[in-house]
Amino acid sequence: MQEKYSPSDVEQAAQSHWKNTEAYKTVENDPRFPQGKYYACSMLPYPSGKLHMGHVRNYTINDMLARQLRMKGYNVLMPMGWDAFGLPAENAAIAYKKSPAEWTYANIDDMKSQMEPLGLAFDWTREVATCDPDYYRWNQWLFLKMLEKGIAYKKTQIVNWDPVDQTVLANEQVVDGRGWRSGALVEKREIPGYYFGITQYAEELLSSIDTLDGWPEQVRTMQRNWIGKSEGVRFAFQHEIRDEQGQLIQDGKLYVFTTRADTIMGVTFCAIAAEHPLAQLAARSNPKLAEFAEVCKAGGTTEAEMATKEKEGMPTGLFVTHPFTGEQVEVWVGNYVLMSYGDGAVMGVPAHDERDFAFARKYGIAIRQVVAVEGETFSADAWAEWYGDKQKSVTVNSGRFDGLSYKAAVDAVATELIAKGLGEKKTTWRLRDWGISRQRYWGTPIPIIHCECCGAVPVPYEDLPVVLPTDCIPDGSGNPLKTRADFLNVDCPTCGKPAQRETDTMDTFVDSSWYFMRYTCPDAPDMVDGRNDYWMAMDQYIGGVEHAVLHLLYARFWTKVMRDMGLVKIDEPFKRLFTQGMLLNESFYREVDGGKKVWYYPNEIEVQHDDKGRPVAAILKSDGQPVQMGGIEKMSKSKNNVVEPKDIISQFGADTARLFTMFAGPPDQSAAWSNSGVEGAYRYLRRLWATAQKLAPVIASGQQAAPELAADVKNFRREVHLTLRQIDSDYERLQYNTVVSGAMKLLNAIEAFKPEAAGGAAALREAFSILLRTLYPVCPHITHVLWVELGYAAEHGELINMAWPQVEEAALVQDEIELMVQVNGKLRGSIKVAKDADKATIEATAVASEAVQKFLEGAPKKVIVVPGKLVNVVG
């Protein structure tokens, strides 16, 4: 055993052993694991080229889970792969003048080489890259199956267009009106494309959320809100508005949907989207309205953004007729109305909708109360929450509908609208079908051939995959596939005449919607095979909460489609979901060129502190000039505040990197990077090594347990098993930071223990075995080597195959208990008595104790015993 801890030697020895024994290769129905299968998976990363310590934290969480559950008898699958298609590769290709394929595969090799030193227990035999034709052929295959069943289809629709990335974005990919990757202001354009009918599964996607007991409630709520089921009434305001040819626009009916039909008598205006036919008609004769409509079209694209932006509008000069009163209701163009939602029109009830209230106040539109709540007074001067309360309200100022509760009023209004032929009860959804057509190159080719004679023809199944050329080098001027004759030109499969391939590629969220199933059977000749039935549903999924809507909703939809096609037997893909917190670090920047920020690495900065140690300023070391302190931010390459694992590993070792990231804070919460924290983790591992070396002879001599244990030995074993019980609980809750603190507590107890008494050596050997086994999932290298060096492997086998230590209940039984001693109500010390001592013995022991004798004058007047807790001596 080496005298000093050398991380590089230790980690090289451990990893060589695991590689030579194929320790992490997983097979189905492995008889070594009586508890059955457990599938634990981290969300696959994009191969950007560089890992940072935030990645280390994420993957160590999964690794700890996998290693501990394997010790508990589970056949654990923990794979890894690459979300390899997408815009960053194209943007890099433009910048570096190389193909996205070359850039991507180089990054995969680089990132894999950075992962391997961490000792992560990935089964690399199941590795998947989504840009591999063997993988994406099944994207194409299922697309064609969905096309046959009407789940995939083509349509022209107003979409979100990212002018920088030159592609269509799903609503979920628009954040505050900007593209989720480029940050560019999103535009609205009318573009044909392919869609997946996720709305066909809306009801099941919503109801199934209630079965996801292992998911964070926050994520379940986000999914419910995004799906957004609303039950209400769709009805029409009639009108006589005609186009230039004299035809009634939309057959003379302006349709709206409302969940508050009980407020229909309070309508004082209607608002329509800028793209609505009535708005377009009015704009043709009103230049100011036309200009305003163009501003609206370039604005928001999602309901979430509409809810937060300032409401603006312009009147069209057009009027529609109220279905009950016959009143003429003015039509406005509103910047908060989306053509893609419902009919692109809403009824305005200012008295009972906060958005309409603000709009009416701004433009002087009438506010008419038609709902009342007992004990509340309505005012048109300021909004009050009760104005929109439907649970306690009754209708007023509503003619024949007066005095009705919410439900009764809705039913009555719907009945009359139906009788008039103007409306129906209807359920609507916030969820929209998933647009998958990207106007970019680096993605799964959509398997469609366009023929002048036959139209859009699906590629025959036997011709899959449609292979993407890998040697294109984009220049930013458009999709290079449009100029690749060898890809573009093809004979029509139906008529044989010259035709052209579709050049749009699939949304990259298609790739990530089922990769976790391909992990289970990466060499299957079909999309999935029986091995997928063994592993799925996934037992634990780990990833960021930022994927709560985008990825997770699509993966759930994709799974249900595969189920309905007989490919899988499950309804939901993920039993449990864990959303990890971010690793944070200080950030520093300067502003240049009119506000552009240039970010610097923390090691390039010298921070200045005040006399109390608080940071007050920072300078760049290279020029001594000030920089701005950007505060603690998520580790991000874009802000240069990352710490690369290779730097930590070269100085302190992989186990230190893993230990620090787990000890930094609860895994589900963000934690700040700390250089001193890393050094503290390293000191702990050096202590562990030094203690093992010092106690090795005693541990070796402790293979035979003594029949009777000394009191100190019993107390030591009790402390060890109490700590083990707490560590067990922390592993179960994935509270890995307190697992580490438990391991630290165990080492403290071992260092303080004197093993000379009867049974001491055996107790020490047991304690060190427990410490190594409980610390192993966190720091697998040092524990593996120490397990061998201390002789445990020779007796029990290697650590990776050891059973998880069990709490020995007998060790928790106390022969003695400690009671606090008070004198006249003040704590003065403690005593130890036999656990079954009677009251008289406890009183006598307390009175005779040094603590009482020192603070009590004369004989005690009373002795109060609180069983199991304390003794109060009153003088």
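Throughout, read-outs are computed from the coordinates displayed, never taken from laboratory work. Computed from a predicted model, the values in this text were never measured in an experiment. We place every Cβ from the backbone using ideal geometry, glycine too, and count neighbours over all the protein chains shown.
Taking only the C-alpha atoms of region 313-393, the Rg (one decimal) and the largest Cα-Cα distance, Dmax (whole number), read 13.8, 40 Å.
Listed peptides 415-424, 6-15 appear in the order 6-15, 415-424 once ranked by packing, highest mean of other Cβ atoms within 10 Å at the front. Projecting the Cα atoms of SER42, GLY73, HIS17 onto the charge dipole of region 12-124, computed from C-beta unit charges around the Cα centre, puts GLY73 farthest toward the positive end. Averaging the Cα positions of each part gives two centres, and for region 725-751 and region 137-160 these lie 51 Å apart. Under conditions of 4 °C and 1.567 mPa s, the chain yields 40 µm² s⁻¹ as its translational diffusion coefficient, taking Rh as the Kirkwood radius over Cα pairs in the Stokes-Einstein equation.
Amide H contacts for VAL76 (H built 1.01 Å from N in the peptide plane; partners 5 or more residues away or on another chain; cut-off under 5 Å): TYR38. Average projection, convex hull of the Cα set of region 583-634: 4.1 square nanometres. Using every pair of separate Cα atoms, the Kirkwood estimate puts the hydrodynamic radius of region 611-718 at 18.5 angstrom. For region 472-631, place one equal point scatterer on every Cα, skip the solvent, and apply the Debye formula. What is log10 of I(q)/I(0) at q = 0.08, 0.11 Å⁻¹? Each listed q maps to, in turn, -0.55, -0.82.
From the alpha carbon centroid of region 262-293 to that of region 482-523 is 42 Å.
Think of region 229-429 as having a plus end and a minus end, set by charges on the Cβ of Lys, Arg, Asp and Glu; of ILE241, PHE292, VAL329, ILE241 sits farthest toward the positive end of this dipole.
With a threshold of 25 Å on the Cα-Cα distance, the over-threshold entries among LYS229/LYS392; LYS229/LYS407; LYS362/LYS596; LYS596/LYS646; LYS19/LYS637; LYS50/LYS72 are LYS362/LYS596; LYS596/LYS646; LYS19/LYS637; LYS50/LYS72.
Short-range pairs are left out: with C-alpha atoms under 8 Å and at least six residues apart, the relative contact order of the chain is 13 percent. Taking Cα centre as origin and charging only the Cβ of basic (Lys, Arg, +1) and acidic (Asp, Glu, -1) residues, the dipole magnitude of the chain rounds to 1180 debye.
Which value, in debye to the nearest 20, describes the size of the charge dipole of region 8-146 about its Cα centre when Lys and Arg Cβ atoms bear +1, Asp and Glu Cβ atoms bear -1, and nothing else is charged?
Using only the charged Cβ atoms, the result is roughly 360 debye.
Cα-based values for region 797-875, radius of gyration first and Dmax second, are 18.7, 64 Å.
Could you work out the mean projected area of the convex hull around the alpha carbons of region 671-812, in square nanometres to one decimal?
Average of the hull's projected areas for region 671-812 equals 8.6 nm².
P(r) tail, region 89-241: Cα-Cα pairs separated by more than 19 Å, 76% of all pairs. The gain in end-to-end length when the ASP623 to THR211 segment is fully stretched comes to 142.4 nm, 0.36 nm per residue minus the alpha carbon separation. For region 1-67, a Kirkwood hydrodynamic radius built from all Cα pairs, placed in the Stokes-Einstein relation at 4 °C and 1.567 mPa s, yields a translational diffusion coefficient of 85 µm²/s. In degrees between 0 and 90, to the nearest 10, how far off the longest principal axis of the chain does helix 839-848 point, with axes built from Cα atoms? Once rounded, the angle reads 70 degrees. For region 277-428, the Kirkwood estimate of hydrodynamic radius, built from reciprocal distances between every pair of different alpha carbons, is 17.2 Å. The long axis of helix 217-227 is offset from the longest Cα principal axis of the chain by roughly 10 degrees.
Against the chain, whose longest principal axis is taken from its Cα atoms, helix 675-701 shows a tilt of about 40°.
Put simply, the convex hull of the Cα atoms in region 683-756 casts, on average, a shadow of 5.6 nm².
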